Each structure stands twice: as structure tokens, then as C-alpha cells.
Amino acid sequence: MNNGTEAEIAGGIKYGLTRDFEKLLEETPGVRVVHLDSLGGRIGEGKKLNALIRARNLDTYVETKCMSACTLAFAAGKQRVLRRGAVLGFHRGAFPGSQPEETTSGVEREIYAAAGFSKA
């Protein structure tokens, strides 16, 4: 996108996405902005995306929606841009069959705090 300076992650945050995205970044070293459009997915993969985006000092941009694990990737942006009308969706992570008290929110809290998000 945009002469190789922008890339897009759209769809589910699934296992292997970070590996695939890193390969794309190696093949397109001029990427500076990551467009995100996702309903979310795996928290662990969102955490890996966060680390990769931070390590590459990339900006993040959401035009429509970035929910759940996608917000972990969004938080990594050197500059974070949310287009007017776009939606970020935050919630506590969960696993099929888990009880609310068993959910993992520590990963999200650490990432959001490191990004400077308020606790509110």
C-alpha cells in the first residue's frame, strides 16, 4: 500500500500471523504504517504483534474497527491514529470453557500501561 510504506492486517488475529507479517516486513522494508481491521483473536498472537510493531517503530492506524486482541497490536504504534468513527473494542480475554475469574487480563493490562493508556 502507498508505495510500500503501508501494510494491512485484516481479519482474525490467528496463530502464525506475526510470523507471516514479519516476513512481509522483511520483504518490504519501507513499511512505516500498519492498517488494522480485525474483530480480534488470540491474545498470545496479539502480544507477539505488539512486540514486532514496537521493535520496528511502526505507526498503527484504524479506519473501521480493531477489537479484542487487535487492540494489543494497535497499542504498539509509535503513533496511533484512530479515524473519526472508528471503534476500538476492549474486554478481558477469555478461553472456551473458562470462568470469568480464570480469564487472563494481566497481559492486556501490561501492554496498555506500557503504551500509556489510562486505567479507565
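The values are calculated or read from the model by the stated rules, or taken from the named source; none is laboratory data. Since the structure is predicted, the reported quantities are computational estimates derived from the model, not experimental observations. We place every Cβ from the backbone using ideal geometry, glycine too, and count neighbours over all the protein chains shown. Areas reflect the complete protein model, heavy atoms only, side chains present, ligands, DNA and RNA absent. Shrake-Rupley method; radii C 1.70, N 1.55, O 1.52, S 1.80 Å.
Once amide H atoms are built 1.01 Å from N in the peptide plane, which residues 5 or more positions from ILE13, or in another chain, come under 5 Å H to H?
For ILE13, the qualifying residues are GLY40, GLY41, ARG42.
Using only helices, what value at 222 nm comes out for the chain when you add -39,500 (n - 2.57) per DSSP H run of length 4 or more and divide by the total residues, to the nearest 500 deg cm²/dmol?
-9500 deg cm²/dmol
Note down the nm distance, to one decimal, between modelled labels 7 Å out along Cα→Cβ at MET1 and at TYR15.
2.8 nm
If you average the alpha carbon positions of region 14-48 and of region 55-87, how far apart do those two centres end up, in angstrom?
When both Cα centres are located, 12 Å separates them.
Using square roots of five times the C-alpha gyration tensor eigenvalues, list the equivalent-ellipsoid semi-axes of the chain in whole Å, biggest first. If you can, show how the numbers build up before the last one.
Numbers: eigenvalues 112, 47, 34 Å².
Here the semi-axes work out to 24, 15, 13 Å.
Give me the 1.4 Å probe accessible area per residue for region 12-62, excluding ligands and nucleic acids, in Å².
On the way: 2730 Å² over 51 residues.
Solvent-accessible surface per residue comes out at 53 Å².
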